Structure formats: C-alpha cells, structure tokens
Amino acid sequence: MVPSASFLERQLAAGVFQPLDKSKLPNWKNLDPEVLKLVAKHDPDNKYAIPYLWATTGIGYNIDKVKAVLGKDAPLDSWDLVMKPENLEKLKSCGVSFLDAPEEIFATVLNYLGKDPNSTKADDYTGPATDLLLKLRPNIRYFHSSQYINDLANGDICVAIGWAGGRMAGG
C-alpha cells in the first residue's frame with residue numbers, strides 16, 4: 001500500500017496498519033534521516049510508514065505529439081509546458097491528465113509560482129495558486145492517479161503530471 005501523506009494520516013487514525021517490523025528491513029539504516037523526519041510529521045516515530053518514490057512528481061509526455069501541437073521549441077524542460085494556460089489550451093487537443101492528488105498538484109503550483117510548496121498559509125492556496133489552477137482546469141481531460149500510465153503509453157493522452165515510478169513504467 002502506498003498512500004499519500006494525507007491518506008496516511010486518515011488510515012493511521014482508522015487503524016488500518018500494523019507497525020513495521022524494522023528487523024526485517026535491513027536497509028532501514030540507509031534511509032535519509034531528513035526524509036524520515038518529513039514522514040514522521042504524518043507517522044510519529046516512523047512506526048507504520050516508509051518513504052517510497054519520495055519527491056518524484058513530474059511531467060510525462062509524448063515528445064512527438066507535444067512538438068506537433070506546440071512546435072519544435074516546446075518547453076520540454078520546464079513546468080511552463082503544463083503551467084502556462086496558453087500551452088495547456090493547445091495541448092488539450094491531444095489530451096492532458098493531472099494527478100488526482102490535490103496536495104501534490106498544489107505543491108507543484110506553489111513551487112512554480114515561487115512559493116514554498118509545503119506552505120501552511122491559507123493565502124498561498126486561495127490566491128494565485130487557485131487562480132492558476134482555475135485557468136488550467138478547462139484544458140485537463142481528467143484527474144486520476146494511475147490511468148495516465150496506460151493512456152500516455154497508448155497515445156490516448158500526450159501529457160501527464162504523475163508520479164515518476166508509474167510514468168516511467170508506462171513508457
């Protein structure tokens with residue numbers, strides 16, 4: 001089971017996990033202590049959770065389809081590809097998917113806007129971040145946390161914001 005941080009908290013509160021037996025995890029000692037501190041914000045004492053694919057939200061795209069729509073100078077190495085409404089409006093024709101994970105999408109948008117992606121300030125979420133997402137929304141075919149894997153590989157969409165592990169498995 002690989003829950004996001006917000007789901008982890010809910011699932012811990014519901015008692016769905018058993019404590020980890022760290023004696024069966026020989027590489028526990030090799031985990032980054034700073035990452036474990038971040039996990040501990042949701043799982044005090046790191047009793048139930050272990051980091052997996054940490055900080056790997058990114059953009060997957062079909063280079064040929066994207067260049068066909070945006071031209072040879074498409075910003076393939078920039079979040080501008082999916083965060084500039086004028087780009088997303090054009091990419092809509094070949095299909096765009098965003099993760100169905102608000103905490104990931106808001107963190108990405110906040111970072112794009114030069115704000116702290118881990119912000120706890122309400123104004124960071126209700127101001128420019130929400131404004132940008134509302135401009136992008138009409139051009140997003142769907143929000144899903146796994147469908148983009150096959151759809152990107154099959155050519156049913158041309159761009160996806162997704163988790164790198166899944167996106168790479170999709171091709």
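The values are calculated or read from the model by the stated rules, or taken from the named source; none is laboratory data. What you see is a predicted model; the values in this text were computed from it and never measured. As a convention, Cβ positions derive from the backbone with ideal geometry for all residues, glycine included, and neighbour counts pool all protein chains shown.
Scanning the range 88-104 for residues that are outside any helix (DSSP H, G or I) and among the aliphatic types (A, V, I, L, M) returns V96, L99, A101. Taken together, V69, V39, V82 contain a single residue that is surrounded by 15 or more Cβ atoms within 10 Å (Cβ to Cβ) and at pLDDT below 95, which is V39. Between D77, D45, D100, D64, the distinction of being surrounded by fewer than 16 Cβ atoms within 10 Å (Cβ to Cβ) and at positive phi belongs to D45 only. Could you list all residues from the range 48-61 that are small (G, A, S) and surrounded by 13 or more Cβ atoms within 10 Å (Cβ to Cβ)? Result: A49, G58, G60.
Filter the range 97-145 for residues that are aliphatic (A, V, I, L, M) and either in the same structural domain as V35 (by TED's automatic domain parsing) or under 24 Å from V69 (Cβ atoms) (or both) and give the result. L99, I105, V109, L132, L133, L134, L136, I140 - these are the residues of the range 97-145 that are aliphatic (A, V, I, L, M) and either in the same structural domain as V35 (by TED's automatic domain parsing) or under 24 Å from V69 (Cβ atoms) (or both). Any chance the range 119-132 includes a residue that's within 17 Å of W79 (Cβ to Cβ) and under 15 Å from the mean Cα position of the chain (by Cα)? No - not one qualifying residue is present in the range 119-132.
In the range 77-97, the residues that are closer than 15 Å to I157 by Cβ form Cβ pairs under 8 Å with partners that are buried (at least 20 other Cβ atoms within 10 Å of the Cβ) and of a type in the set (S, T, Y), at six or more places apart or across chains, as follows: L81/Y61; S97/Y148.
When residues in the range 53-76 are screened for being in contact (Cβ under 8 Å) with a residue 60 or more places away in the chain and within 16 Å of the chain's Cα centre (by Cα), 7 of them pass. Would you check if G170 is surrounded by 15 or more Cβ atoms within 10 Å (Cβ to Cβ), modelled with pLDDT under 95 and out of contact with any Pro (no Cβ under 8 Å at 6 or more places or on another chain)? When the stated conditions are applied, G170 passes them.
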